Every structure is written in structure tokens, then in C-alpha cells.
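Asks: Below is the structure I would like to discuss, written out as C-alpha cells.
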Amino acid sequence: MAFTRCSGVLLHPTSFPGRYGVGSLGRSAYAWVDFLADAGQKLWQVLPLGPTSYGDSPYQSPSTFAGNPYLIGLEALQEEGLLEAAELQGAPEMPEGKVDYCALYEWKLPLLRRLARRMLQQPLAEFQSFCEQQQRWLDDYALFAAIKGERNNQSWIEWPWELRSRQTAALQDARQRLSAVIAEEKLIQWLFFRQWAQLKAYANRRGVQIFGDIPIFVALDSADTWCQPGLFQFDSKLQPRAVAGVPPDYFSPTGQLWGNPLYDWKQHRASGYSWWIERIRAALNLYDVLRIDHFRGFAAYWQVPAGAKTAEKGPWVKGPGADFFRQVLKVLPEAAIVAEDLGDITPDVLALRDQFKLPGMKVVQFGFGSDPGNPFLPHNFESTNFVAYTGTHDNDTVKGWFEQATPRERQYCLDYFGNPQEPMSQGLIRATMASVPTVAIVPLQDVLDLGTEARMNFPGRSHDNWQWRLLPNQLQANHQSRLKEWTRLYRR
């Protein structure tokens, strides 16, 4: 990572405040970039930006290449004259402080489709250029989305065999039958990528780099698995032979059953990892820095039998290891990649990370459960080549965690920080900012000293995640000045 010492804030765009049920790439996003820049922050970390589906998780997207239509800024479209004020006045009442995914599905997506139909009535050179540039994934994704819409969102592994197995005649028939819907899907993608490119360019001009995220696995019900099942562990009936997860850990006593299909790494290796290289290349067009989630899966991954109810049983299976990163970095030598090296980490994972000098992660919140030798305590951070966090999107907020911590953990925190008078979230932010890693990232919820009600995700829980949003005017000038002072104080 070509970084000087710096810091940033983790906030997913769905969490921006605003009128239409979800944060977007409109005015609130530009105001957020201004907030970061004026607070001296150099990084804005986001979660994956792909479309969401059942469960609303950005880590279970129907496409690893597509963008999330929910994030399209409607006010920006109105300012361009593409949407009428009356169309926005028809928005249903949606709660503040929470994403209402059901209302978005029922109102925002149909609105975008109506807009797409109007825009497709006239030639759009920029849109046609986008379709040509993104053809490698866009044609298949749009067809996949159109068929799913026609079949009431049924998973592709339940489609009739001729569609499931992508027989030529069935695909040709679907392209003809659904040609209008396919075009609409493509235009909606163009709207997303156009707005994101404008926002990213603005952030970069203001000295803020985008720190993105790519899940190691893709969703079972995705255009990626449907289009290239040979890259995954499917049987002859195109059903998964085994699925991904992790064994019992800090977050769940029964493990985490993710359900993603596992890769057939032999096939990936034979192709020179071409699909993965294109995936990373596409992500690096969205972001300046890329975190690869569940990095340990490249050393070894947890293989759960298909049909299992929990992730408690399964073997560790060797992953592609150094060969993968050797090929990727040969093609993309300038890629700034961070390894999410949390969880059940073994020496081979650390060796793989260090072989390619990839920064790992240190989460200060993990440091208080054992003794002074805990590797997540700031005084034990042995290198600058890490990204230090108070917590991540999978953790409780610092305030929520401290309120529910064991008496021993609470006392250790108080002893460690000298019984601080300020909130514990501020103590952990100070420790994170003061630590030696080159990069420090703080979730905005900790800057605001919010409790468990502001938690983004509960790993292992399939509902009521990914919903937290800022309230209007919740972010104040004193939050910005405090961030700026921490940044000055600890030379970030």
C-alpha cells in the first residue's frame, strides 16, 4: 500500500440520511465527502456496492460486477430533468434512521424502470458506450435479472433445465422475449455507474480515496454462478456439492453457514485465474484500495456439506495459496489490496499474507478478552503494515460492546485507558489512531458514540441487518472537529 500515515471512516452509502428510504449517491454523499475532507480524513471505507437480494446483505449479491440500484440518487436525476417532481412526491412514507428494503423494492425499482423505458426511447451515446465497455458481464447479468423477474425471483437452480443449463435455444428465446426488460436493466446499471464515477472523482479531487470491499465468495443465486458453473463445485444437476462458512467462532457457537458455492480451484488455475482477475480489475475501477473479505480462504477454506443446518461440521480444504496472488499481481501489479485476516487464523494464512506484503487487520475491540499479550491490543501491534480498526461492520459498536462486556473485559478496558472520563468509544478511537499501523479506520457509529441500536450486522443472523442509517442533522460540527483533532494529534 503506497500510503503515508493516515486515517479514515467506515460508512456504507445506504446509511446516509435522506428522504427516500435509503442512503444514495446524491447530495448526502457529496456532503459526506466534504465532511471527511474537512476533518482531515484520507480514506472512506464502504461495503460491497453490488445489488442486494434476499437477506439484504451486500456480501450476498446476485452479481459480483453489477451496482446496487437502490443507491441511485433520485434528486440528482430530478436536477438533470430526468425525473419529474410529481414522480418523487408519490414516494411512500419510509422511516428515518432505517433502510426499508421492502418499500424500496416496491417503489424505487419500478420508478427506475419507468425512467429507463423513457430514456431508451432516444439514442444515448454515453449509454451505448457503457454497454460496449461492460459487455463482458452486463449482457449476462441483464438477462439473468430479466429471467428472475419473469419467474418471480425464483433461484436459477430451480429454473427449468433448459434455462438452468443455458441451452442456446432457450437463451435466444429469453433474449427476444425479454429484450425490453434487458435494456432497462442495462440502463439502470449505467445510471448507477455514472453516479458512482462522478462521486468517486469528486472524492479523489478532495483528497479522499475510496476503500472498497470484495467478498471472497459469490452468492449461490447469482449471474456469476449461472453463467460459469464450471468454476464452482456443482454436481451434474447444477446443485452445490458443498457450501462455504466458518466453524464456531467469536461470533457464533454453531459457526456461520454462509451457503455460498465453493470454487473449483483446479478450473480457476487452468484459466490463469482469469475470472478472478477480471473481478478484481472491475473492483479497482470502483475503488482506490480493495479489502478482500475472508482472506484466510485462499490458504484453506471451511467446506460444509450441502444441506447442513449449521456450519459446525466440515473439513478445512487447502486453497490456491501463493499461486493465486502471484498470477493476480503479475497482471495487476499496482493493485492496493488489504487482507481481511480475522477469525480462525493459522500460520499458513499469515505466511501467505506476508509473502505478498499485504496489510492485515487489527481490531482493537478484540483485545480485551484475555491478557496483555493479546495481539489485538495496540501495544502489541508489531508492524506498520496493518489497518487498525476500533471495530468493523460485523462488530457491535464500541459503546454497545462495552455495555455488554464481561466484568473482566470492562475492568481491563478501564485499567488500560486509565479509567477515562470520556466515553469508552473515544478511548478506543484514540488508541486506534495512536497505534503504529499506517492506516486507521473508525466506523462512524463509534465517532458518534452510538450503541447496539446502530450496529450494522449480526453475523449468523439472517434478518434485520444492514439497516442502520444516520438521522438528518445527526452528524455535527463537533464530530468533525474531534476527528480533525485526533488526526492532528496522532499524525494521521
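The values are calculated or read from the model by the stated rules, or taken from the named source; none is laboratory data. This is a predicted model, so every value here is computed, not measured. When we count neighbours, we look across all protein chains shown, and the Cβ atoms used for this are built from the backbone with ideal geometry, even at glycine. Keep in mind that these areas ignore ligands, DNA and RNA; they rest on the heavy atoms of the full protein, side chains included. Shrake-Rupley method; radii C 1.70, N 1.55, O 1.52, S 1.80 Å.
Asks: What does the net charge come to around Arg5 if you take all other residues with beta carbon closer than 13 Å to its beta carbon, with K and R at +1 and D and E at -1? Kindly include the intermediate steps, with their values, before the conclusion.
Replies: Values: positive: Lys42, Arg488, Arg491, Arg492; negative: none.
Charge balance in the 13 Å sphere: +4.
Asks: When the chain is fully extended, how far beyond the present Cα-Cα distance does Thr406 get from Gln167, taking 0.36 nm per residue of separation? Display every interim value, and only then the final one.
Replies: Numbers: separation 239, 0.36 × 239 = 86.04 nm, distance 5.76 nm.
My answer for the length gained is 80.3 nm.
Asks: Using only alpha carbon pairs under 8 Å that are at least six residues apart, calculate the relative contact order of the chain and give it in whole percent.
Replies: On the way: 850 pairs, mean separation 92.8, N = 492.
So the answer I get is 19 percent.
Asks: Could you work out the local net charge near Phe368, counting Lys and Arg as +1, Asp and Glu as -1, over the other residues with Cβ closer than 9 Å to its Cβ?
Replies: Details: positive: Arg408, Arg410; negative: Glu409.
Charge balance near Phe368 sits at +1.
Asks: Using alpha-carbon pairs under 8 Å, 6+ residues apart, how would you state the relative contact order of region 35-119 in percent?
Replies: Details: 52 pairs, mean separation 15.3, N = 85.
Relative contact order for region 35-119 comes out at 18 percent.
Asks: Taking the full set of protein chains and a 1.4 angstrom probe, give the accessible area of Thr64 in square angstrom, rounded to the nearest 10.
Replies: Surface open to solvent at Thr64 totals about 40 Å².
Asks: What does the accessible area per residue of the chain come to in Å², with a 1.4 Å probe and no ligands, DNA or RNA counted? Numbers along the way, then the final one.
Replies: Numbers: 20520 Å² over 492 residues.
Each residue of the chain exposes 42 Å² on average to a 1.4 Å probe.
Asks: Can you give the FRET efficiency to the nearest 0.05 for Tyr202 and Ala91, using r as the Cβ-Cβ distance and R₀ = 25 Å? Spell out each step's value before the answer.
Replies: Values: r = 26 Å, r/R0 = 1.04.
That gives a FRET efficiency of 0.45.
Asks: Mind jotting down the distance between the C-alpha centroids of region 391-412 and region 261-302, whole Å?
Replies: With region 261-302 and region 391-412 each reduced to a Cα centre, they are spaced 32 Å.
Asks: Still on this structure, please answer the following. Label 7 Å along Cα→Cβ of Thr254; region 307-334 residues with amide nitrogen under 17 Å?
Replies: Answer for this model: 307-314.
Asks: Using helices alone, what [θ] at 222 nm do you get for the chain, with -39,500 (n - 2.57) per DSSP H run of 4 or more residues, divided over all residues and rounded to the nearest 500? Intermediate results must be reported in sequence, preceding the final value.
Replies: Working: 19 runs with 188 residues, N = 492.
Computed mean residue ellipticity for the chain: -11000 deg cm²/dmol.
Asks: Which trypsin sites (Lys or Arg not before Pro) does region 284-356 hold that lie in a coil by DSSP with at most 10 other beta carbons within 10 Å? List each step's numbers first, then the result.
Replies: Working: sites: Arg291, Arg296, Lys309, Lys313, Lys318, Arg326, Lys330, Arg353; in loops: Lys309, Lys313.
Counting only loop positions with at most 10 other Cβ atoms within 10 Å, the trypsin sites (Lys or Arg not before Pro) in region 284-356 are Lys309.
Asks: Could you tell me which of the pairs Lys200/Lys330; Lys98/Lys200; Lys42/Lys318; Lys186/Lys357; Lys266/Lys330; Lys108/Lys148 are separated by over 29 angstrom between their Cα atoms in the structure shown? Mind showing how you got there, number by number?
Replies: Details: Lys200/Lys330 26 Å; Lys98/Lys200 25 Å; Lys42/Lys318 37 Å; Lys186/Lys357 38 Å; Lys266/Lys330 19 Å; Lys108/Lys148 18 Å.
Pairs exceeding the cut-off: Lys42/Lys318; Lys186/Lys357.
Asks: Between beta-carbons, use under 12 Å as the cut-off and find the net charge around Asp293, counting Lys and Arg +1, Asp and Glu -1.
Replies: On the way: positive: Arg291, Arg296; negative: Asp213, Glu340, Asp341, Asp394.
Its environment carries a net charge of -2.
Asks: Hey, another quick one. What does the accessible area of Leu489 come to, in Å² to the nearest 10, when a probe of 1.4 Å is used?
Replies: Roughly 80 Å² of Leu489 is accessible to a 1.4 Å probe.
Asks: If you don't mind, there's one more thing I want to ask. At 1.4 Å probe size, what's the solvent-accessible area of Trp161? Round to the nearest 10 Å².
Replies: 110 Å²
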